[in-house]
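Okay, so here's the structure we're looking at.
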Amino acid sequence: MNNYTTILKYLFILAFPLFIISCDSNEDDIAIEIIVPTNYDFLRDGVSTVSFSGQTTRLKQVDEIYSALNSNTYTEAQLDEMFADGAGFTDSTLNGTGKNVRGKTSAGCAAGNSATQAQFDAQIADFANNVVPAWANDAAAGVAGKLTDTKRSIHVNAKGHEIDQTFVKGLIGGMGVDQIVNNYLQPCQLDSGTRKDDNTNGVVASGKIYTDMEHKWDEAFGYLYGQEEDAKRADLGSAPTGNGTLLNKYFKKVNGSNQPGIAEIVFNAFKKGRAAIVAGDYQVRDAQANIIQIHLSKVIGYKAVDYLNDYMSKKAAGNTADAFHALSEGYGFVMSLQFTNNGSNVPYFTKAEADAMLAKMDDFWTVQDADLTSMVSDIKSKFGI
């Protein structure tokens, strides 16, 4: 009897680890089901959890600032009020919202830089204090004023910069791309505080229908699609409207020429990443974030190359105003390079590298094609475009 009991004990001891291993193995094999919808719409209790109204407000604020920089009726104080305070807009719905553009410029939780904000401030001051007073004067090297050729008329500073273009193209990276790739898609936003645990456990934000993590992802989505009339349509990936003056406009251009299909890639990644958040699969979420970071950064690279090349061809054709317009756009996109993200939280160009390029092209009256050609080559090489 004792021998029989001893044998049973040994058999139990041998079998017990096998039982543990079997249980662990089964748990590892359980797959998280991610259900990706055809459009960007996610429901909880039959109610949509998608919200990005703050992003739409800021994008519309930029549209008005852009218009103001095409006018000679605004003072520096008025422009600063719009940019920094989110007030003074002709569209009254944009005032008193608590939203402003400056506070979201070069302000990503992964790579914010107040020195870049100061560069935008300086452009506003230059426009109001130097370009506006010379609105009716003829521009020349070292002289602000109006520059005209057979293609267009523009108003430039003493160095030939058309500031509405340098400013807004800089904001495409400085706010649009930066807030997506270096802020809202980053763990420092998505996983901040208790957000990961809350999302896993279905704990919604106070008074809301969504979790904080869901909302942060939606805010990233909003900086790209916030001015779409119907951001829930299933063909959003294949047919972005290009509405507004910031990223979506040039995202559509790149999709139509430089890299057809890029819009579908980004849209699908936004959908799958959001679906992964709903399912609580954070590895898939982060993989989709990386796809978005890489491809939206390419938009900056493509357009920097396009406008630098465009300048050189228009200059060769003898159209100085048209050439300076293109170079102003190129200047803004070069400024935007510092806000890119290669999917590993490294910019394709650092701020120091971007500033060095800007220094070489600072005076449009004397800029050298050889320097611009070298920049084009470097940008194409780093982005692989």
Principal-axis tilt of helix 53-68 within the chain, Cα atoms, nearest 10 degrees: 10 degrees
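Quick check on packing: order 128-134, 70-76 by the mean number of other C-beta atoms within 10 Å, highest mean leading.
Listed from highest to lowest mean packing, they are 128-134, 70-76.
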Hey, which aspartates and glutamates would be in cross-link range of LYS272, C-alpha to C-alpha under 13 Å, not counting anything within fewer than 8 residues on its own chain? GLU33, ASP41, GLU214, ASP218, GLU264, ASP281, ASP286
In terms of modelled amide H atoms, which long-range or inter-chain residues lie less than 5 Å from the amide H of VAL50? PHE42
Compute the acute angle (0 to 90°) between the alpha-carbon long axis of helix 114-126 and the principal axis of greatest extent of the alpha-carbon atoms of the chain; round to the nearest 10°. 30 degrees
So which lysines can LYS315 reach, going by Cα to Cα under 27 Å and dropping same-chain residues fewer than 8 places off? LYS146, LYS151, LYS159, LYS169, LYS249, LYS252, LYS253, LYS298, LYS303, LYS360, LYS380, LYS382
Take the alpha carbon atoms of the range 50-383, find their radius of gyration, then divide it by 2.2 N^0.38 Å using N residues; give the quotient. 1.00
Pick from GLY207, GLY108, GLY273: which residue has the top mean-square fluctuation in a GNM of the chain where Cα pairs under 10 Å get a spring? GLY207
Starting from the Cα of ASN345, step 7 Å toward the Cβ, then list every residue of the range 181-223 with an amide N under 16 Å from that point. 181-193, 196
Calculated FRET efficiency, THR200 and ASP138, Cβ-Cβ r, R0 51 Å, to nearest 0.05? 0.20
Can you tell me the order of 339-349, 165-175, 86-96 when each peptide is scored by its average per-residue count of other Cβ atoms within 10 angstrom, highest first? 165-175, 339-349, 86-96
I need the peptides 236-242, 44-50, 191-197 ranked by packing, meaning the mean over residues of other C-beta atoms within 10 angstrom, with the highest value on top. 236-242, 191-197, 44-50
Descending semi-axes in whole angstrom, ellipsoid equivalent of the range 289-385, from the Cα gyration tensor: 25, 13, 10
If each of SER313 and ILE35 carries a label point 7 Å out from its Cα toward its Cβ, how far apart are those two points in nm? 4.9 nm
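For the range 50-383, what is the relative contact order in percent, using Cα pairs closer than 8 Å and at least 6 residues apart in sequence? Walk me through the intermediate numbers first.
On the way: 572 pairs, mean separation 61.6, N = 334.
For the range 50-383, the relative contact order is 18 percent.
Readers should treat all values here as calculations from the given coordinates under stated rules, not as data from a laboratory. From a predicted model like this one, the values you see are computed outputs, not experimental measurements. Glycine gets a Cβ as well: all are built from the backbone with ideal geometry, and neighbour counts include every protein chain shown.
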